[in-house]
Amino acid sequence: MKKVRIGLIGLGGICNGAHIPGYLQLDNAEITAVCDINPEKLAKVGDKLGIPADHRFTDYNDLIACPDVDAVDIATWNSMHVPIAKAAALAGKHFSVEKPVGMNYAETLDLARTAEQMGVQSFVCLSWRYRAHTRYVKYLIDQGTVGKLYHIYVRCIKNSGLWEGRKREWRFDKTRAASGVLGDLGSHMIDIIRFWGEEFKDVYANTGIYITHRPTEETGEIVPVTTDDWCNMNCVLESGTACTIEVSRCATTLKDLMSFELYGEKGRLAFTNMAGQFIIEFTDAKTNEKQILTPPPEFEAIQSGSYVNLILGIEDEYTARINHGLECQAVIDAAIRSSEQHRPVSIAAIKAGA
């Protein structure tokens, strides 16, 4: 079996916690090169994976040029996503990129056009598309379980912004992240709603920063935080459904909570993840009877496997490609503009200004 040769760019937490374990489960892929600007991370991951010294790079251009790399996996801070992905595309190599794809809609659109022109496969790590429970909820919606939707209420809240001594890493720096919890967590919430068949029309958002100063990673100097700790969004979807999204990394005592409530003409469909414990329940509007639902095994998927399959021409209908990341970016941009200007912003306006 011919294996797709993967080059990893950015060897931080998400790469080690999600990307690498995914690739190591696959028979049709192998990691052949690694890249990071941090020599310690490069050595640690290189040693763990058994990567030869001449396939360990500090410059992403060198990894892209490596003849033993067919496709790249990009897990850097946000401001580097598009430059690296575009360099890969122009070299004729497929790319997977973390979310949000870019710093704004305009540069993400440019990347999408480049990928199309170069004929490379583009993949976006909107990772909740590859969870069995999220896929099963999509199936239930598509089957008409809740009927016409009236309301969607979303909460994604955790206490990660309150960890004692947490440094001013790139997520807290607008020049490298563009936004804070909005892009980090909100991008997933936006994509899940789109994944379930809805499209955003208008957004009204408010954002704020609770922990206004943090110590730098390099010297410990206390400097300002420039990205949001929380974001509340009131949205109107193209279907007319009302949608509310709340995201925060300053929810005291909550390690990790994500909840979706969908209210439709046939009842309430709720999906909750409490620190990795998932539950789906449906309450019938007529009988008020509640059911706990479990996804069948066929809804399981591996994110890294979906990327490799895409490269091999085996496309999962649920796979997130660059166009999905682009649509998500438009909503993020609308939320940022809305918060800055204190007014509703349409998705059409964001796209028209690109």
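A few points about this structure:
- Its alpha carbons considered, the range 138-189 gives a radius of gyration followed by a Dmax of 16.8, 48 Å.
- Taking max minus min of the alpha-carbon positions on each principal axis, the range 56-211 gives extents of 51, 43, 28 Å, largest first.
- Here the contact order of the chain, divided by its residue count and restricted to Cα pairs under 8 Å and six or more residues apart, works out to 19 percent.
- Å² of accessible area per residue within the range 1-128, as computed with a 1.4 Å probe and no ligands counted: 41
- Over the C-alpha atoms of the range 202-334, the Rg to Rh ratio, Rh being the Kirkwood estimate, stands at 1.03.
- More than 18 Å apart - percent of Cα-Cα pairs taken over the range 268-312: 52
- Furthest towards positive pole of dipole, GLY17, VAL72, ILE84, structure part the chain, Cβ charges: GLY17
- Simple Cβ-charge dipole of the range 147-297, Lys/Arg +1 and Asp/Glu -1, about Cα centre, in debye nearest 20: 160
- Heavy-atom accessible area order for MET258, MET274, largest first, 1.4 Å probe: MET274, MET258
- Globularity ratio of the range 102-194, using Cα Rg and 2.2 N^0.38 Å: 1.39
- Simple Cβ-charge dipole of the range 6-159, Lys/Arg +1 and Asp/Glu -1, about Cα centre, in debye nearest 20: 960
- In this calculation the C-beta distance from ALA65 to LYS351 is compared with R0 = 41 Å, giving a FRET efficiency of 0.75.
- In a fully extended conformation the segment linking THR244 and VAL223 would gain 4.3 nm over its present Cα-Cα distance, using 0.36 nm per residue.
- Ordered by solvent-accessible area of protein heavy atoms (1.4 Å probe), largest first, the residues GLU300, GLU281 come out as GLU300, GLU281.
- The magnitude of the dipole of the chain, with charges of +1 and -1 set on the Cβ of Lys/Arg and Asp/Glu and taken from the Cα centre, is near 440 debye.
- Alpha-carbon centroids, the range 60-85 and the range 202-241: separation in whole Å: 28
- Over 29 Å apart at the Cα level, from the set LYS167/LYS201; LYS48/LYS93; LYS93/LYS201, are LYS167/LYS201; LYS93/LYS201.
- Anchor LYS99: lysines whose Cα lies under 17 Å away (excluding residues fewer than 8 positions away in-chain): LYS86, LYS174
- Heavy atoms of ARG176 accessible to a 1.4 Å probe, total area in Å² rounded to 10: 50
- Ellipsoid semi-axes for the range 2-126, based on the Cα gyration tensor and the rule √(5λ), read 22, 15, 14 Å when sorted largest first.
- Nonlocal amide H pairs with PHE57, under 5 Å, H built at 1.01 Å: VAL34, CYS35, ASP36
- Extension gain, GLU199 to PHE278: 0.36 nm times the residue separation minus the Cα-Cα distance gives 25.9 nm.
- With the simple model of a label 7 Å out from the Cα in the direction of the Cβ, THR58 to ASN232 spans 4.7 nm.
- Most to least packed among 57-69, 5-17 [average Cβ atoms within 10 Å]: 5-17, 57-69
- A simple rule links phi to the HN-Hα coupling: the Karplus curve 6.51 cos²θ - 1.76 cosθ + 1.60 with θ = phi - 60°, which for the range 281-294 gives 9, 10, 10, 6, 5, 8, 9, 6, 6, 10, 10, 9, 10, 10 Hz, with x for Gly and Pro.
- Low-density loop cleavage sites - chymotrypsin sites (Phe, Trp or Tyr not before Pro) in the range 149-232, where at most 11 other Cβ are within 10 Å (DSSP): TRP163
- Helix-only CD estimate at 222 nm, as mean residue ellipticity for the chain, using -39500 (n - 2.57) per DSSP H run (n ≥ 4): -8500 deg cm²/dmol
- Label-point gap, in nm, between GLU30 and THR294 - each point 7 angstrom along Cα→Cβ: 3.9
- Rough spin-label spacing in nm, given labels placed 7 Å along Cα→Cβ, for TYR318 and ARG113: 3.4
- Shown for the chain: the carbon plus sulfur share of the solvent-accessible area, taken with all protein chains present and a 1.4 angstrom probe, equals 50%.
- Overall dimensions of the chain, expressed as equivalent-ellipsoid semi-axes from the Cα gyration tensor (√(5λ), whole Å, largest first), are 32, 25, 20.
- Loop-located trypsin sites (Lys or Arg not before Pro) in the range 102-166 (DSSP state other than H, G, I, E, B) with a sparse environment of at most 12 neighbouring Cβ atoms within 10 Å: LYS148.
- Positive-end residue, the range 1-141 charge dipole about Cα centroid, Cβ charges, pick of HIS133, GLY7, PRO39: HIS133
- Largest-first ordering by accessible area, 1.4 Å probe, given options SER179, SER239: SER239, SER179
- Partnerless cysteines in the chain, where a partner means another cysteine C-beta under 4.7 angstrom, comprise CYS15, CYS35, CYS66, CYS125, CYS156, CYS231, CYS250, CYS328.
- Computed lengthening from ILE14 to GLU340, 0.36 nm per intervening residue step minus Cα-Cα distance: 114.4 nm
- The residues of the range 145-219 present an accessible area of 44 Å² per residue when probed at 1.4 Å with all protein chains retained.
- Per-peptide average of other Cβ atoms within 10 Å, ordering 340-346, 265-271 highest first: 265-271, 340-346
The values are calculated or read from the model by the stated rules, or taken from the named source; none is laboratory data. What you see is a predicted model, and the numbers here were worked out from it, not measured in a lab. Using ideal geometry, Cβ is built from the backbone for each residue, glycine included, and neighbour counts are taken over all protein chains shown. Only protein heavy atoms, including side chains, enter the accessible area calculation; ligands, DNA and RNA are left aside. Shrake-Rupley method; radii C 1.70, N 1.55, O 1.52, S 1.80 Å.
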